[in-house]
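Chemist: Structure below; questions to follow.
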Amino acid sequence: MRRTVIAGNWKMNKTMMEAELFSDSINEYDLSNTKSDQIIFAPSYMLQSLNILLKSSRIEVGCQNMHQYESGAYTGEISADMIKSIGITSILIGHSERRQYFNESDKVVNEKLLLALEKNLTPYLCIGETLEERTAGIMRSTLKNQLVKACKNVKINMANKIIIAYEPIWAIGTGCVSNAEDANIACRNIREIVAEIFDLDIARNMIILYGGSVNPSNIDEILAQSEIDGVLVGGASLDVTSYISLLK
Ligand code: PGA
């Protein structure tokens, strides 16, 4: 039985004061009967404080990015060991904004994934096609290419730690959510590709999230799809009322 995961991605948003206000509201709210696994990927400067602020909630705090090397002269970067040293155990890898604005190649994504697994972090691997790729009919091969390259040298006994976030690039931050059935088809494709790379058992148990303009009014339809196990939410995770409706 695959778990349902509701993940928020705050991207480069929220000052410490704003994060405190958000946490105060969360802590006032009784979310004990929500059944999903809950996580917020927060900016790295606040990870430790936010973890403390959300301690009494069920919300885990995850990191949005880390460097592919263990340590060294990489000014401004953050390492897997640093994240672990403050009690963070989940990491977003290969978000399309990292790929697009920070030139993160498939090779770098692969290096980060391997390091995250080696360090026993839970990687949330993001993949997704552009609108051009979708209209050209190469959605599946694009996803396959990204997955095969990202998972190069990943040992099969490590593969079950990976969570995949399918985020069609054209749906991120655009308000243009994928039709739920189309998202389901893409996630089924991903599961098939995972079976080709690893095996059927890994594929069947892999948690696959959908991301891209998810909000409280479309989440139910998305979660009702057979191949979609949860969501990765950017914009709609920033406002506490909206975030609570997503969890509910
Ligand atoms: P969005 O972002 O929900 O604002 O579209 C999703 C994401 O980038 O993870």
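The values are calculated or read from the model by the stated rules, or taken from the named source; none is laboratory data. Note that the structure is predicted; figures quoted are calculated from it, not measured. All Cβ positions, even for glycine, are placed from backbone atoms using ideal geometry, and neighbour counts span all protein chains on display. Areas reflect the complete protein model, heavy atoms only, side chains present, ligands, DNA and RNA absent. Shrake-Rupley method; radii C 1.70, N 1.55, O 1.52, S 1.80 Å.
Chemist: If a residue has to be more than 17 Å from the chain's Cα centre (by Cα), more than 27 Å from THR89 (Cβ to Cβ) and open to solvent by less than 60 Å² (accessible area, probe 1.4 Å) to count, how many in segment 185-204 make the cut?
Modeler: Total satisfying the criteria: 1.
Chemist: Among the listed residues LYS152, LYS144, identify the single one that is in a helix (DSSP H, G or I), closer than 20 Å to SER96 by Cα and either among the polar types (S, T, N, Q) or in contact with a helix residue (DSSP H, G or I) (Cβ under 9 Å, 6 or more places away or on another chain) (or both).
Modeler: Details: LYS152 fails: in a helix (DSSP H, G or I).
That would be LYS144, the only listed residue that is in a helix (DSSP H, G or I), closer than 20 Å to SER96 by Cα and either among the polar types (S, T, N, Q) or in contact with a helix residue (DSSP H, G or I) (Cβ under 9 Å, 6 or more places away or on another chain) (or both).
Chemist: In the set ILE208, ILE163, ILE202, which member is in contact (Cβ under 8 Å) with a residue 24 or more places away in the chain and touching a Leu at 6+ places or on another chain (Cβ under 8 Å)? Break it down stepwise before answering.
Modeler: Working: ILE208 fails: touching a Leu at 6+ places or on another chain (Cβ under 8 Å); ILE202 fails: touching a Leu at 6+ places or on another chain (Cβ under 8 Å).
Criteria check complete, one pass: ILE163.
Chemist: Quick check on segment 142-170: of everything there that is open to solvent by 30 Å² or more (accessible area, probe 1.4 Å) and within 16 Å of the ligand (Cβ to nearest atom), which residue is nearest to the chain's Cα centre (by Cα)?
Modeler: Residues of segment 142-170 open to solvent by 30 Å² or more (accessible area, probe 1.4 Å): 144-145, 148-149, 152-153, 155-158, 160-161, 169-170.
Filter once more, so that each one left must be within 16 Å of the ligand (Cβ to nearest atom): 169-170.
Working: ILE169: 14, TRP170: 17 Å.
Among them, the one singled out is ILE169.
Chemist: Can you name every residue in segment 229-245 that is open to solvent by less than 10 Å² (accessible area, probe 1.4 Å) and not aromatic (Phe, Trp, Tyr)? Explain how you work it out, then say what you get.
Modeler: From segment 229-245, those open to solvent by less than 10 Å² (accessible area, probe 1.4 Å) are 230-233, 237, 243; that's our starting set.
Answer for segment 229-245, where residues must be open to solvent by less than 10 Å² (accessible area, probe 1.4 Å) and not aromatic (Phe, Trp, Tyr): GLY230, VAL231, LEU232, VAL233, SER237.
Chemist: Which residue pairs have Cβ atoms under 8 Å apart, sit 6 or more places apart or on different chains, and have a first residue in segment 167-189 that is of a type in the set (S, T, N, Q) and a second that is surrounded by fewer than 16 Cβ atoms within 10 Å (Cβ to Cβ)?
Modeler: Close Cβ pairs (under 8 Å, with a partner that is surrounded by fewer than 16 Cβ atoms within 10 Å (Cβ to Cβ)) amount to ASN184/SER226.
Chemist: Suppose we keep only residues that are more than 10 Å from the ligand (Cβ to nearest atom) and not hydroxyl-bearing (Ser, Thr, Tyr) within segment 171-184. Which one would you say is surrounded by the most Cβ atoms within 10 Å (Cβ to Cβ)? Steps first, answer last, please.
Modeler: Taking segment 171-184 as the starting set, the residues that turn out to be more than 10 Å from the ligand (Cβ to nearest atom) are 178-184.
Subsequent filtering for residues that are not hydroxyl-bearing (Ser, Thr, Tyr) retains 179-184.
Values: ASN179: 11, ALA180: 17, GLU181: 10, ASP182: 15, ALA183: 26, ASN184: 20.
Taking the candidates together, the pick is ALA183.
Chemist: For segment 125-141, which positions are away from the ligand (no atom under 16 Å from the Cβ), in a helix (DSSP H, G or I) and either surrounded by fewer than 16 Cβ atoms within 10 Å (Cβ to Cβ) or of a type in the set (Phe, Trp, Tyr) (or both)?
Modeler: Of everything in segment 125-141, those that are away from the ligand (no atom under 16 Å from the Cβ), in a helix (DSSP H, G or I) and either surrounded by fewer than 16 Cβ atoms within 10 Å (Cβ to Cβ) or of a type in the set (Phe, Trp, Tyr) (or both) turn out to be GLU132, THR135, SER141.
Chemist: Here's a follow-up. Name the residues in segment 211-228 that are surrounded by 14 or more Cβ atoms within 10 Å (Cβ to Cβ), free of Cβ contacts under 8 Å to residues at least 40 places away in the same chain and over 16 Å from the mean Cα position of the chain (by Cα), would you?
Modeler: The answer is PRO216, and nothing else.
Okay, residues lined up against (1) among the hydrophobic types (A, V, I, L, M, F, W, C); (2) in contact with a Gly (Cβ under 8 Å, 6 or more places away or on another chain):
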| position | (1), (2) |
| --- | --- |
| LYS119 | no, no |
| ALA136 | yes, no |
| LEU143 | yes, yes |
| LEU147 | yes, no |
| ALA195 | yes, no |
| ALA203 | yes, no |
| PRO216 | no, no |
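Chemist: Next up: Report, by residue number, each residue of segment 191-219 that is away from the ligand (no atom under 16 Å from the Cβ), part of a helix (DSSP H, G or I) and within 21 Å of MET1 (Cβ to Cβ).
Modeler: Kept after step one, since they are away from the ligand (no atom under 16 Å from the Cβ), are these residues of segment 191-219: 191-206.
Okay, now just the ones that are also part of a helix (DSSP H, G or I), so 191-197, 200-205.
If the condition is that a residue be away from the ligand (no atom under 16 Å from the Cβ), part of a helix (DSSP H, G or I) and within 21 Å of MET1 (Cβ to Cβ), then ARG191, GLU192, VAL194, ALA195, LEU200, ASP201, ILE202, ALA203, ARG204, ASN205 are the ones that fit.
Chemist: Further question on the same structure: For segment 1-58, give me the residue count where each residue is outside any loop (DSSP other than H, G, I, E, B), open to solvent by 10 Å² or more (accessible area, probe 1.4 Å) and aliphatic (A, V, I, L, M).
Modeler: 5
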